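Only one structure is covered here, and it is reproduced in the block below.
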Amino acid sequence: MNKKAVIFGILVISLIVVIATSMSSSTDETFDVDMTRTHGSISTALGSPILGDPDAPVTIVEFGDYQCHQCHNWFVDTKPMIMRDYIETGKVNLVFVDFAFLGRDSPKAAQATYCADDQNMYWEYHNSLYTSQESKIDNGWASSERLKAFAFNLNLDMDLFNECLDSEKYSKRVQYNSQQARDNGVRGTPGFFIVDSDYNQTQIGGAQPFSVFQKILDSMI
Amino acid sequence: MIEIFKAVFYNFKFLVLSLVIFSSMLTILLLISEFIFLEPYFVTHIPSGSEMGFILIVVLAGLSALVIPMNLFRIINLKNSKHKMSGSIFGTIVGSAAGACSCGPIGFAVISTFGSVGATATAFLTNYEIPIRMIAIGILVITYFTTIKSLKSECQVTF
């Protein structure tokens with residue numbers, strides 16, 4: 001009788017452990033996103049939060065890699081003018097979608113942005129990555145330790161951030177986004193799609209100057 | 001030195017060859033390095049901090065346009081060995097490859113085709129773009145002076 005009770009007890013405990021494990025792993029893969037969100041032909045559901053007015057008539061979808069120096073050039077040279085003239089005025093919004101292909105630290109850096117997003121600091125973290133970018137790929141500037149240091153500098157909850165980054169919680173999210181880039185014919189970073197409310201879309205390849213964006217955006221608004 | 005320039009570049013074929021090399025190399029390298037865009041509009045753009053890269057491309061194209069025709073002149077007219085030619089070709093290829101691989105379509109194609117090996121090669125060529133271009137320019141400068149020296153002595157004998 002005692003033996004049976006012990007075996008039964010072990011079975012119950014095993015069952016509880018299995019259920020708890022499966023629940024905890026499914027929690028890792030769960031995040032609060034609108035899976036129906038698309039812009040033109042692109043599923044941006046697992047991309048960044050929308051920067052600017054969500055109801056703006058035109059959206060810029062940027063595909064980028066945090067180790068890409070041309071993305072950095074665009075971030076420094078062109079984006080501030082787009083922010084000033086179009087995003088802050090409510091005419092345009094922007095979504096960043098990861099295309100992390102350049103080096104081994106690229107996917108990790110992209111995952112880190114979503115760990116920051118868990119604490120509603122996506123864009124602050126995104127900006128800190130591009131402003132801290134070093135010219136050499138995989139030289140350690142975007143290693144796990146440095147990614148955690150960037151989070152620390154933004155006063156994020158480090159226990160939450162470290163757990164998120166170390167568990168690779170957003171690995172599949174970044175893979176999904178990179179696949180979106182390939183599916184939409186993006187062949188390098190940065191790559192842009194400008195999409196209007198009628199789903200007309202124009203593709204721009206590379207870190208092109210403000211004048212190009214201005215011309216297209218003005219024709220769509 | 002001026003006589004050598006006259007001998008090579010007063011020849012219409014070599015002058016055209018030089019111009020073709022310069023313009024095609026300049027265009028291709030500027031396109032690859034994203035100083036020129038063709039779509040959706042033709043536009044030229046030098047991002048801040050990229051001035052050095054732009055200057056090195058112009059120098060590289062100029063030196064290639066100078067050295068390759070001079071070496072061809074040696075080979076065709078003086079029936080000389082092709083050893084000196086390899087220096088100019090090597091310098092040109094090395095210099096061109098440096099900027100070819102970055103986050104643009106060529107880098108993406110290399111990484112997609114060759115996986116981690118391609119990624120390592122791309123990272124190396126991107127990380128050391130400026131030093132590699134400087135080495136390529138160095139090779140072309142050395143080739144230029146050895147070609148001049150060689151043409152001087154060979155022309156004295158030939159003419």
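The values are calculated or read from the model by the stated rules, or taken from the named source; none is laboratory data. Because the structure is predicted, anything quoted here is derived from the model rather than measured. Every residue, glycine among them, receives a Cβ derived from its backbone with ideal geometry; neighbour counts consider all protein chains shown. Note: areas computed on protein heavy atoms with side chains; ligands, DNA, RNA excluded. Shrake-Rupley method; radii C 1.70, N 1.55, O 1.52, S 1.80 Å.
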(Q) Given N residues in segment A:37-102, what is its alpha carbon radius of gyration divided by 2.2 N^0.38 Å? (A) 1.11
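Taking Cα pairs under 8 Å and at least six residues apart, what relative contact order does chain A come out at, in percent?
Answer for chain A is 27 percent.
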**Q.** Positive-end residue of B:PHE42, A:GLY90, B:THR126, charge dipole of the protein assembly as shown with Cβ unit charges
**A.** B:THR126
Q) Quick one: putting +1 on the C-beta of Lys and Arg, -1 on the C-beta of Asp and Glu, what dipole do you get for the protein assembly as shown around its Cα centre, in Debye to the nearest 20? A) 2220
**Q.** Rounded percent of accessible protein surface that carbon and sulfur make up, segment A:124-221, 1.4 Å probe
**A.** 43
Q) For B:ILE130 and B:THR44 in one chain, what is 0.36 nm times their gap in residues minus the Cα-Cα distance, to one decimal in nm? A) 28.9 nm
Q | Residue among A:MET158, A:GLN180, A:TYR114 farthest towards the positive dipole end of chain A, charges placed on Cβ | A | A:GLN180
Q: Give me the compactness ratio for segment A:129-216, meaning the Cα radius of gyration over 2.2 N^0.38 Å.
A: 1.41
Q. How far is it, in nm, from the label point at A:GLU88 to the one at B:SER112 when both lie 7 Å from their Cα along the line to the Cβ?
A. 3.8
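For chain A, what is the accessible area per residue in Å² when the probe is 1.4 Å?
Computed with neighbouring chains in place, this is 47 Å² per residue.
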Q. Principal axis lengths of the protein assembly as shown from Cα atoms, whole Å, largest first?
A. 113, 61, 35
(Q) I'd like to verify something in chain B: which complete DSSP H helices, judged by Cα projection on the helix axis, reach 15 Å or more and average at least 1.6 on the Kyte-Doolittle scale? (A) B:12-32, B:51-77
Q: Compute the relative contact order of segment A:145-211 as a whole-number percentage, counting only Cα pairs closer than 8 Å that sit 6 or more residues apart in sequence.
A: 18
**Q.** Relative contact order, percent, chain B [alpha-carbon distance under 8 Å, six or more residues apart]
**A.** 26
Q.
Could you give me D for chain A, from Stokes-Einstein at 37 °C and 0.692 mPa s, where the hydrodynamic radius is the Kirkwood radius over C-alpha pairs? Units µm² s⁻¹, please.
A. 175
**Q.** More than 12 angstrom apart: percent of Cα pairs within segment A:167-207
**A.** 66
Q.
Am I reading the B/A interface right? What is its buried accessible area, both sides, 1.4 Å probe, to the nearest 100 Å²?
A. 2100
Q: Using a Förster distance of 56 angstrom, determine the FRET efficiency expected from the C-beta separation of B:ALA121 and B:GLU3, and round it to 0.05.
A: 0.80
**Q.** segment B:1-145 - accessible surface per residue (Å², probe 1.4 Å)
**A.** 50
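Taking 20 °C and 1.002 mPa s as the conditions, I'd like the Stokes-Einstein D for chain B in µm²/s, using the Kirkwood hydrodynamic radius from alpha carbon pairs. Mind showing how you got there, number by number?
On the way: Rh = 16.9 Å.
The Stokes-Einstein estimate is 127 µm²/s.
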Q.
Binning at 10 angstrom from zero up to the longest distance, how are the C-alpha pair distances of segment A:53-160 distributed in percent?
A. 15, 45, 33, 8, 0
Q.
Can you return the lysines within cross-link range of A:LYS108? Criterion is Cα-Cα under 20 Å, with same-chain partners fewer than 8 residues away left out.
A. A:LYS136, A:LYS148, A:LYS169, A:LYS172
Q. Points 7 angstrom from Cα along the Cβ direction at A:ASP159 and B:ILE142: gap in nanometres?
A. 6.1
Q. By how many nm would the segment from A:GLN214 to A:TRP123 lengthen if fully extended, with 0.36 nm per residue of separation less the alpha-carbon distance?
A. 30.5 nm
Q: At 4 °C and 1.567 mPa s, grab the translational diffusion coefficient of segment B:86-147 from Stokes-Einstein with a Kirkwood Rh over Cα pairs, rounded to a whole number in µm² per second.
A: 107
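Local charge sum around A:GLY103 (other residues, Cβ-Cβ under 13 Å, Lys/Arg +1, Asp/Glu -1)?
Net local charge, A:GLY103 excluded: -1.
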